[in-house]
Each structure stands twice: as structure tokens, then as C-alpha cells.
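Read through the structure below, which is laid out as C-alpha cells, and then see the notes.
The values are calculated or read from the model by the stated rules, or taken from the named source; none is laboratory data. Everything numeric here is computed off the predicted structure, so don't read it as measured data. Methodologically, a virtual Cβ is constructed for each residue, glycine included, from the backbone with ideal geometry; neighbour enumeration extends over all protein chains shown. These accessible areas exclude ligands, DNA and RNA; they are computed on the full protein's heavy atoms, side chains included. Shrake-Rupley method; radii C 1.70, N 1.55, O 1.52, S 1.80 Å.
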Amino acid sequence: MTVIYDRVALIGLGLIAGSMAHAIREGGLAREIVGYARSAETRDTAREIGLCDRIADSAAEAVEGADLIVLAVPVGAMGAVAADIAPHLKPGATVTDVGSVKQSVIDAVAPHIPPGVHFVPGHPLAGTEHSGPRAGFASLFRNRWWLLTPLPDSDPDAVARLSDLVRAMGAKTDTMEPAHHDLVLAVTSHAPHLIAYTMVGVADHLRRVTDEEVIQYSAAGFRDFTRIAASDPTMWRDVFLHNKEATLDILGRFTEELFVLQRAIRMGDGQQLFDYFTRTRAIRRGII
Ligand code: NAD
């Protein structure tokens, strides 16, 4: 049990902040965890389940005296929250975020960070399709990557201390350029979510002509493939609005590949399909 930060403030009390609260408490990594969420209902639920040591009634009150402030709200809300808390930040404190997109969050948050306060952006590559204050659990980050995208002038000690916290919660950490992060995540997370949402949309069309058979008799492929389409709509709306270029680039490439396979099916080109599936299966089997 090693205290890494005296007081941690979690802004936004959903899956990620909730999991952090559990993991920090389990590891004894902070003396006090203070939480705040915009909705009174979420704050009440957080109080009821004892998610944090204290739930504040404003973001300003939550960050007062905090050594680490975690912005765990949808990507589109990060800038407004940063502006709101800026005057109340303690000199020497570190602000981080857990947003799924990095460059736009940096552009929105960095201008509000006062001199003497450190900003170290980050992104845990861990999640489930569940959201809200009851969704979190301590082991969410175990053995998962937590990427940090420090700015050129980020204080190395602040980066190292945040890395210590991330590792103490069970995650592996690495640093990355923000724009590169956004491209990598467009391939590994953002585009797959959009395609899963789309597949459910297609099934919904068919439902009207097959009397709900598509949903009722969903084979494993559909279930496995579309699990992530149950994810939070606000979070994902914001991801696509804020990682526009990289997502459109990947979707363009995806569409081209789909047309290649579509043509192979139309032409009865079994060899092309077999070769494609053999190559991609080998890649997929390399992912544990
Ligand atoms: P969530 O929907 O479970 O929780 C979001 C919380 O933020 C809610 O408690 C909501 O009340 C609160 N909130 C919204 N706007 C707010 C505002 N303006 N001020 C204060 N609170 C506000 O979401 P989550 O899954 O925990 O995601 C939070 C962040 O983490 C997002 O930026 C998301 O991109 C990122 N993230 C999510 C996942 C995932 O798989 N869910 C994974 C990694 C990173």
C-alpha cells in the first residue's frame, strides 16, 4: 500500500472514473478520493454506493486542494470542465484526462491550465459496453495499456508520478504522440465501434421483414461482433466528432476492402477469399 497522491479528484463518475475509484481505494494509492458529476442523480448514486470518500456539489469544490485531477467526462465536455476548474487548481497539481481522443482534448484543455499546474493527457485502453457510476470495477485496467500523450513541456516528474499510479492500478503504460494515438485508435477502436453500430442498424432494417428473427436468432457472430454497439451514445458521438479525419481515413480504407471482397463474392473468386481470410486469420490469432 503506497500513497501516490494525497487527494485525487475524479470529474465525471462513469465507468472509467468509477473503476479508478475502486482501483485506487483497493491499492491504498490515495488518502482521499473526491468525486463530482454534473447530474445530481449520478452524484446521489455515487454517494449511495460509497464510490468516493466525498462527493462534491461542484467541480470547483471537487478540485480544491487536489493533487491529481482526472477529467473523465465525454470528450466534447473536456474543455468546458477545464475552464470551470482552472481558477481552483492547486499550484503543483497534475491534471490528466482519460478521453478516447487525444489531440482535440489537448487543444480544448491545455489553454485553460494555469502556470504551475501540470497537464499530462492519457487514455486507458480498457472499457466495457456499460456506463454510469455503478459500472466501474477495480480490475478494469489490469494488464491493459494506458497510453500517456505528454506535451513537449510536460514536467517529467509529473509524467513519472502519473505512470506510477497507472501501474499501481495494474495497467501497462507507454507514451505516444497525440496525433499518432488518434490514428492508431481509429483503427483499433473507433472504426470497429462505428461498424458494429452500423451492423445493428442493418439488422434493424431486416427485423421489419423477418418478424424479429434477426434479433431473436442472432448467431454467435452477430452477438460477438456487435457487443460494443451497446456502448454509450454520448461518448461515441463525441469520439467521432473529435477524431474526424483519422476515422474518415480508416472508414475509406475499410470501404475499399469491403468492395474488394464484395467483388470476389460476386465473381465466385474463392481463391481470393481464401487467401484474404488466411492472411487476416493469422494476424487476428496473433492478438491475445
Ligand atoms: P460514462 O458515460 O460511464 O460516464 C461519464 C460521466 O461523466 C457520467 O457520470 C456523466 O454524468 C459525467 N458527465 C458528463 N458531462 C459532464 C460534465 N460536463 N461535467 C461533469 N460530469 C459530466 O463514460 P465513461 O465510459 O466513463 O467515459 C468517460 C471518458 O473516458 C470519455 O472521455 C471516454 O471517451 C473515455 N473512455 C471510455 C472508455 C470506455 O470504454 N467506456 C474507455 C477509455 C476511455
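Exactly one residue out of Val81, Val70, Val34 is in a helix (DSSP H, G or I) and within 14 Å of the ligand (Cβ to nearest atom): that is Val81. The set of residues in region 53-67 that are away from the ligand (no atom under 12 Å from the Cβ) and open to solvent by less than 40 Å² (accessible area, probe 1.4 Å) comprises Gly65, Ala66, Asp67. Looking only at region 5-31, residues that are part of a strand (DSSP E or B) and buried (at least 20 other Cβ atoms within 10 Å of the Cβ) come to 7 in all. Checking each residue in region 230-266 for being open to solvent by 70 Å² or more (accessible area, probe 1.4 Å), away from the ligand (no atom under 16 Å from the Cβ) and within 22 Å of the chain's Cα centre (by Cα) picks out Glu245, Leu248. Would you confirm whether or not region 84-99 contains a residue that is more than 30 Å from Leu183 (Cβ to Cβ), surrounded by fewer than 19 Cβ atoms within 10 Å (Cβ to Cβ), within 15 Å of the ligand (Cβ to nearest atom) and of a type in the set (Lys, Arg)? No; the residues of region 84-99 include none that is more than 30 Å from Leu183 (Cβ to Cβ), surrounded by fewer than 19 Cβ atoms within 10 Å (Cβ to Cβ), within 15 Å of the ligand (Cβ to nearest atom) and of a type in the set (Lys, Arg).
Restricting attention to region 109-126, the residues that are open to solvent by less than 40 Å² (accessible area, probe 1.4 Å) and more than 18 Å from Thr175 (Cβ to Cβ) total 3. Given the conditions (1) away from the ligand (no atom under 16 Å from the Cβ); (2) closer than 30 Å to Ile4 by Cβ; (3) open to solvent by less than 40 Å² (accessible area, probe 1.4 Å), which single one is not true for Pro156? The single condition Pro156 does not satisfy is (3).
All of Gly27, Gly50 fail the test of being more than 13 Å from the ligand (Cβ to nearest atom), without any contact (Cβ under 8 Å) to a residue 12 or more places away in the chain and not hydrophobic (A, V, I, L, M, F, W, C), apart from Gly50.
Would you say Arg227 is within 13 Å of the ligand (Cβ to nearest atom), surrounded by fewer than 19 Cβ atoms within 10 Å (Cβ to Cβ) and at pLDDT below 95? Against the criterion (within 13 Å of the ligand (Cβ to nearest atom), surrounded by fewer than 19 Cβ atoms within 10 Å (Cβ to Cβ) and at pLDDT below 95), Arg227 qualifies. Only residues that are part of a loop (DSSP other than H, G, I, E, B) and either under 17 Å from the mean Cα position of the chain (by Cα) or not hydroxyl-bearing (Ser, Thr, Tyr) (or both) were counted in region 134-169, giving 14.
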